[in-house]
Amino acid sequence: MAVNFQNSFNARNLDPKEIAKNFIYSQSFDVLKNKCHTVILGARGCGKTTLMKMLTLPALYNWDYIGAHKFIEDIPFYAIYIPTDISWLYKDFALNDTKIDKKIIDLVSKFSVNTNIFESVCDTFLNVITHEFNNDDSLLDAEISLSLILIDLLKLDFDIAPRLESIKENLRYRRNIINQNLSKLIYNNNYDFEYFDFLHLNYIDVLPLILDHFKRIFEPKKNSWALCFDELEFAPIWLKKQLYTLLRSTDQRILFKLSSSPILPKEVDEVLKGDAGASLGNDFEIIKMWDTNSQSSNEFSKKLIDSLLKKKNIRVRAKDYFGSNFRYLDGLETYTTDSEYLSQIKSLATKDISFREYLINKNIDPQNPIPTDKVQLASVFRKIKPIVYYRNYFIKDNTSTKISYSINKKYIELYSGYEVLIGITDGNPRWLIGLINSILNRSDLHKADTNIQYDEVERTSNRFINFINNTPYHKQGSKISIIEFIERVGDFFKESLLGKVFNPEPYSSFTYDSNIMDFTEIIEKGLLQGAFILLDEGDENFDFELNNKRFRLSYMYSHQFKLPLRTGKEIKVDKIISDNITVPNLFNYDEN
Amino acid sequence: MMKINYGYQITLNDLSNLEIDIFICANNNEARKYCLFDKIKRNNFIKKSISLYYNNVFDSRNDLEYKQIKKHTEVERILDDEIKACKKEELTIIVDYSCMTKSWYYTILLYLSNSDNAFKKINCYLSYTPSRFSLPLAPKPNSDISPLPGKIIMPNNRPKALILGLGYEENKAQGIIDQIDPAKIFLLYSKPTIDKRFTEAIEINNANVINDFEETTYTYDFSSLLDIENKLRAIYYKYNTEYNIIISPIGPKPFTLVSMILSIIFPEIEIWRIGSGEDINPYPREPFNEDHFIICEIVYKQNQIT
């Protein structure tokens, strides 16, 4: 049976209890629990939502982890989880696509965000009451006292039941009133918009009061609260600016935990670079969820794979279960005449004249390619290893004017094995869980066949590519689409690796300069979706500028472009995508 | 404000001897665009006939008034001008949406239910001319995945349930599911259809998602609006208290129309579009049969609750 990726692991749609069952502890989680403001940056599916939801009490109290109890005690705040999703962004667009007055749009947008925050606060109160107190009659009295205060502060009708669930229901009802009000406004030029009092509520003013009342009535164990805004990239720009400004706040009662895409918008950059801007280290901490350190990312992937094997009652070590791919075993290769690697060198030298010339130039005998010393071993043999394997695999003949390639339908040897499975999803748990579960569902308890591994790697890669291909993008004028951009880059890297001329340092990463060619929207969207991986070294920087940054394609594209899971030399992207831009399609407004 | 009071599926024979205040269709290069208009005008009196177009007028007829639409809000303006000029108690309007883009006919439906007017009753006939089968082309890149304009629903914290009306272009559905990221997914596709090759193409090109969501995949009779409505209502009633219901119709237009009507009856339902902007696959869309139409009569009345 095929694995349903959507249901297999998508933190957004999982109950916190479900998330806790699959949670793999990481250092990032430790940082997130600190009593300070925190910003988590990463692509979709990289685990930001998992970390945020794990801070909530239902998740913490269902976490089957040896240190869970201490963690709950140590965590200095109660987390108020505030989800955002892509619909926030598009609904903001939809509002702006009407003839409604800008002032009303702003008011409604703020009302919408505030209402969601108040609903989340009610949920968190219910969680604290459920998990942190013994259930007795006094709790009910306390909830009623609190609810009466909330009804007053949130300007709700006084005749509603003084219970937190009723308050949530009435907040939802209030949203419906505004929806109807807007519909009337859109289709009737003379309609007067009703400016209800509650439209002007602002969580920044109201929330401290509410939390103080909760503290007075319930006397909870913790004195701080963390507003956890998840997937902030989809939030309205005013909210982003406001939240990044609030990172300067030193009020220890309310902390901010913000998750967003790897590149923050320019408007936020202006806020942080302003005189009153919050500064990293002093005012807040940052967690980067992408592969800045492949070793830690690999460790996370290994733990995740182990946990998936355990759930299936597979007792074989992961490395033995999936088998190793020797092409990725760094430092373990031998250089004797009968070694696999040297036989690959010899094989390639017989059919690739360009490679043979390279060896001769390096004083290496193509028929007996033994390294003469350690320097040559490191500077030549190790460096060209993945290139040799890939060229030898794909090239059929490169001894005449035209290069020819082997026609293989499957590249099983290249895209199977434990090392490939660890690396190919770039540490993205959603895709990794989907991939591994797909393999496990088709395998027995002792071994995963490489054929099956390959099939599922191919299937998962295709699914990922289709996901990226469906990313909405407004292609304007002569600009190219995301698909075209990625294909140009991938094909260029493929040519650099497998082209006519052997290249000991093929290109496999690119740098970007918007002053030469503007692909900012493509790169921003690609980063958010995980198509591109930002290759910066320093953890201490915030990333607003794409300019002069270095990127690579996600390894999920390796199969499509016949590339190894390695990051190599960079090239400016404008050199890849020259001025040879495709002519746009003629307009056709037909629709099926 | 008017409310939808009831609706029926009717036949072409039911559209005779009517005094039609406004006939609206769309102009493009499809062969089926005036099939209904040419039939209707023989047996009915039409006061005003309007052909909407985007960039190019592909013909020139004396019996149609051509109006350019660059944005959906211009449809509202036209309706404002034309409908408010009708000083009577009952309005009869026919909309042939076969060649219209979704936002145009959604705007018409929304306008009729949300604008203040003096009519006691509006009879709105919505007609679709099915086309012959043509092979699906490779899907074009998406320029947007977003709610159809004209209706605003404030975002909330509830999870999303996506009802996807499958089309026959490959890989489109999977991409939309991944982009919208819903908590629940329902797939609906047409079976039977007027030409079984439509269903075959849908099943082949959506095999991956149909396999993944087998338990929540349903079929509907392409020609039965009631069947489509029943399937959608069943999902709505079961899940609307816990989820935000989003319908994303990428398949045939009668499914889209029923989704839109339900989104007016149940204000919490949202319709999302998946568009490739100006870069759209051109299909010839010959009429399947000169006499084959799928027609729906919707009656709007003042202050009536359905």
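Just so you know, all these numbers are worked out from the coordinates, no wet-lab data involved. Computed from a prediction, not measured in an experiment: that's the story for all the values here. Backbone-built Cβ (ideal geometry, glycine too); neighbour counts: all protein chains shown.
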> Residue separation times 0.36 nm, minus the C-alpha to C-alpha distance between residue B:286 and residue B:90: what's the value?
Replying inline: 67.1 nm
> In terms of modelled amide H atoms, which long-range or inter-chain residues lie less than 5 Å from the amide H of residue A:257?
Replying inline: A:38, A:227, A:228, A:229
> From the Cα gyration tensor of the stretch A:188-302, with a ≥ b ≥ c the square roots of its eigenvalues, which class applies: rounded if a/c is under 1.5, or else prolate if a/b is larger than b/c, or else oblate?
Replying inline: oblate
> How large is ³J(HN,Hα), in whole Hz, for each residue of the stretch A:195-200 in order, when computed from phi with the Karplus curve 6.51 cos²θ - 1.76 cosθ + 1.60 and θ = phi - 60°, using x for Gly and Pro?
Replying inline: 8, 5, 4, 5, 5, 9
> Considering only DSSP beta bridges with both partners in the protein assembly as shown, what is the antiparallel share in %, to the nearest 5?
Replying inline: 30 percent
> So who's got an amide H within less than 5 Å of the one on residue B:91, skipping anything under 5 residues away but keeping other chains? H placed 1.01 Å off N, in plane.
Replying inline: B:121, B:122, B:123
> Dipole of the stretch A:27-289 (Lys/Arg Cβ +1, Asp/Glu Cβ -1, origin at the Cα centre): which of A:207, A:235, A:264 lies farthest to the positive side?
Replying inline: A:264
> Under 17 Å from the Cα of residue A:310, which lysines turn up, not counting those fewer than eight places away in the same chain?
Replying inline: A:21, A:302, A:319, A:447
> Which whole number gives the average count of other chain Cβ atoms within 10 Å of the Cβ atoms across peptide B:156-163?
Replying inline: 5
> Which percent, nearest 5, of DSSP beta bridges in chain B are antiparallel?
Replying inline: 35 percent
>> Through the Karplus equation 6.51 cos²θ - 1.76 cosθ + 1.60, θ set to phi - 60°, convert the phi angles of the stretch B:83-92 into ³J(HN,Hα) values in whole Hz; use x for Gly and Pro.
In response: 6, 5, 7, 7, 9, 7, 8, 10, 10, 10
> So which lysines pass the test for residue A:396, namely a Cα distance under 17 Å, with those fewer than 8 places away in the same chain ruled out?
Replying inline: A:346, A:351, A:409, A:410, A:494, A:500, A:562
> Applying 1/(1 + (r/R0)^6) with R0 = 30 Å to the Cβ-Cβ distance of residue B:224 and residue B:65, what FRET efficiency is obtained, to the nearest 0.05?
Replying inline: 0.35
>> Once you order the gyration tensor axes a ≥ b ≥ c over the Cα atoms, which shape class does the protein assembly as shown get: rounded for a/c under 1.5, otherwise prolate or oblate by comparing a/b with b/c?
In response: oblate
>> Give the residue list of trypsin sites (Lys or Arg not before Pro) in the stretch A:10-42 that are DSSP loop and have at most 16 other beta-carbon atoms within 10 angstrom.
In response: A:35
> Picking from A:281, A:342, A:133, whose Cα lies most toward the positive end of the charge dipole for the protein assembly as shown (charges on Cβ: Lys, Arg +1; Asp, Glu -1)?
Replying inline: A:342
>> Give the residue list of chymotrypsin sites (Phe, Trp or Tyr not before Pro) in the stretch A:92-190 that are DSSP loop and have at most 15 other beta-carbon atoms within 10 angstrom.
In response: A:133, A:158
>> If the reach is capped at under 20 angstrom between alpha carbons, list the aspartates and glutamates near residue A:311, excluding any in the same chain fewer than eight residues apart.
In response: A:15, A:18, A:64, A:299, A:320, A:444, A:449, A:456
>> Can you give me the distance in nm between label points at residue A:376 and residue A:142, each placed 7 Å from the Cα along the Cα-to-Cβ direction?
In response: 7.8 nm
> What are the ³J(HN,Hα) values, in whole Hz, obtained from phi via the Karplus relation 6.51 cos²θ - 1.76 cosθ + 1.60 with θ = phi - 60°, for each residue of the stretch A:12-27 in sequence order, with x given for Gly and Pro?
Replying inline: 4, 9, 9, 5, x, 5, 5, 4, 4, 5, 9, 6, 9, 5, 9, 5
> Taking the stretch B:180-260, which GluC sites (Glu not before Pro) meet the DSSP loop condition and have no more than 14 other C-beta atoms within 10 Å?
Replying inline: B:242
> Which far-off residues, 5 or more places away or on another chain, put their amide H under 5 Å from the one on residue B:26, with H placed in the peptide plane?
Replying inline: B:52, B:99
>> Given bins 10 angstrom wide, list per bin the percent of all Cα-Cα distances in the stretch A:27-289, short to long.
In response: 6, 28, 34, 24, 8, 1, 0
>> Just to verify a number: FRET efficiency for residue A:102 and residue A:303, C-beta to C-beta distance, R0 = 56 Å, to 0.05?
In response: 0.65
>> Counting only helical runs of four or more DSSP H residues, what would the 222 nm mean residue ellipticity of chain A come to if each run contributes -39,500 (n - 2.57) and the total is spread over all its residues?
In response: -14500 deg cm²/dmol
> To the nearest Å, what is the center-to-center distance of the stretch A:160-188 and the stretch B:9-57, using C-alpha atoms only?
Replying inline: 40 Å
> Can you give the charge dipole size of the stretch B:134-262 about its Cα centre, rounded to the nearest 20 debye, using +1 on the beta carbon of Lys and Arg and -1 on the beta carbon of Asp and Glu?
Replying inline: 400 debye
>> If I require 20 Å or longer along the helix axis, counting alpha carbons, and a Kyte-Doolittle average no lower than 0.0, what helices from chain A are left? Use full DSSP H segments.
In response: A:102-132, A:137-153, A:203-218, A:482-498
>> Between residue A:74 and residue B:47, what is the label-point separation in nm under the 7 Å Cα-to-beta-carbon projection?
In response: 7.7 nm
> Rounded to the nearest 500, what is chain B's calculated 222 nm mean residue ellipticity when only DSSP H runs of at least 4 contribute -39500 (n - 2.57) each, over all residues?
Replying inline: -8500 deg cm²/dmol
>> So, R0 is 35 Å and r is the distance between the beta-carbons of residue A:172 and residue A:30; what FRET efficiency does that work out to, to 0.05?
In response: 0.45
